[in-house]
Amino acid sequence: MKWQISYSESDFYKGKNCKNTFDYICKSKWSSNQLLLLSQPKSGKTHLAHIWKKRKNALFINPNIKFTDQPIIIDEVDKLLNHSWTMNTYFYAKAKSIPTLWISNKNISEWTAPYDIISRFESMPKVKFNDLTEQSAIPIVQKQFRDFGLHASRKLAAYLLQKISLNYESIHSSIIQIHNNCLLTQSALTMQIIRDTIC
């Protein structure tokens with residue numbers, strides 16, 4: 001079974017690590033028209049942005065896409081900081097009071113850009129997903145296995161988390177490897193499959 005990419009709201013995991021962020025972005029009135037979403041890769045930022053996109057009729061934009069005055073989303077802004085388009089978009093959206101969701105895989109302290117650019121984003125309201133704990137990560141692991149059509153008990157999910165780094169990207173890549181091994185060996189998901197794949 002291939003990875004099933006779904007950006008539907010029903011498929012978004014609203015666990016303890018991300019519920020407050022989901023509620024603020026999708027249900028609250030922002031304190032500013034500009035909002036910065038920061039979190040690790042594979043944490044669900046783009047999924048959440050797609051939910052907001054549907055609710056607000058927003059548009060994902062980049063330097064190759066022209067936009068009107070509808071709400072906009074700029075993904076991976078940390079890769080666009082030295083592009084003149086980025087600040088032109090920032091000033092235009094601010095002047096027109098266009099709701100704008102900026103997304104970054106990196107914290108601002110890790111950005112490489114002139115201070116006058118970084119300072120604009122430092123003063124912007126920010127939201128992020130909470131750091132993972134083993135307990136909060138278990139249902140995320142279970143959900144990602146379900147996306148591949150695999151059932152993982154809490155015990156199996158906890159076992160995997162003991163073997164990998166506790167971050168979203170590591171969880172995602174490990175589950176892909178395990179899924180591929182299940183296909184290769186025509187096996188169900190077991191502790192032995194996880195052990196053979198990861199260890």
Q | Complete set of residues in segment 166-199 that are out of contact with any Lys or Arg (no Cβ under 9 Å at 6 or more places or on another chain) and either of a type in the set (A, V, I, L, M) or not in a helix (DSSP H, G or I) (or both) | A | LEU166, ILE175, ILE176, ILE178, LEU183, LEU184, GLN186, SER187, ALA188, LEU189, THR190, ILE193
Q | Scope segment 62-94; condition aliphatic (A, V, I, L, M), at pLDDT below 95 and more than 22 Å from TYR115 (Cβ to Cβ); matching residues | A | ILE65
Q: Hey, could you check segment 39-60 for residues that are touching an Asp or Glu at 6+ places or on another chain (Cβ under 9 Å) and not in a helix (DSSP H, G or I) and say which is surrounded by the most Cβ atoms within 10 Å (Cβ to Cβ)?
A: SER43
Q: Answer with yes or no whether ILE103 is surrounded by 14 or more Cβ atoms within 10 Å (Cβ to Cβ), assigned by TED's automatic domain parsing to the domain that holds LYS56, aliphatic (A, V, I, L, M) and farther than 22 Å from LYS54 by Cβ.
A: no
Q: Would you mind stating whether SER136 is among the polar types (S, T, N, Q), surrounded by fewer than 12 Cβ atoms within 10 Å (Cβ to Cβ), under 19 Å from the mean Cα position of the chain (by Cα) and in a helix (DSSP H, G or I)?
A: no
Q.
I need the full set of residues from segment 27-48 which are over 8 Å from the mean Cα position of the chain (by Cα) and of a type outside the set (Phe, Trp, Tyr), in order please.
A. LYS27, SER28, LYS29, SER31, SER32, ASN33, GLN34, LEU35, LEU36, LEU37, LEU38
(Q) Condition first: surrounded by 17 or more Cβ atoms within 10 Å (Cβ to Cβ) and over 19 Å from GLY44 (Cβ atoms). Now tell me which residues in segment 166-178 satisfy that. (A) ILE178
(Q) Looking only at segment 99-133, filter to residues that are small (Gly, Ala, Ser) and assigned to a loop (DSSP other than H, G, I, E, B); which one of those is modelled with the highest pLDDT? (A) SER123
Q.
Looking at GLU122 and the list (1) in the same structural domain as CYS18 (by TED's automatic domain parsing); (2) at positive phi; (3) surrounded by fewer than 14 Cβ atoms within 10 Å (Cβ to Cβ); (4) of a type outside the set (Val, Ile, Thr), which single condition is not satisfied?
A. (2)
Q. Is at least one residue of segment 89-98 assigned to a helix (DSSP H, G or I) and surrounded by fewer than 13 Cβ atoms within 10 Å (Cβ to Cβ)?
A. yes
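The values are calculated or read from the model by the stated rules, or taken from the named source; none is laboratory data. Please read these numbers as outputs of a predicted model, since none were measured by experiment. Glycine gets a Cβ as well: all are built from the backbone with ideal geometry, and neighbour counts include every protein chain shown.
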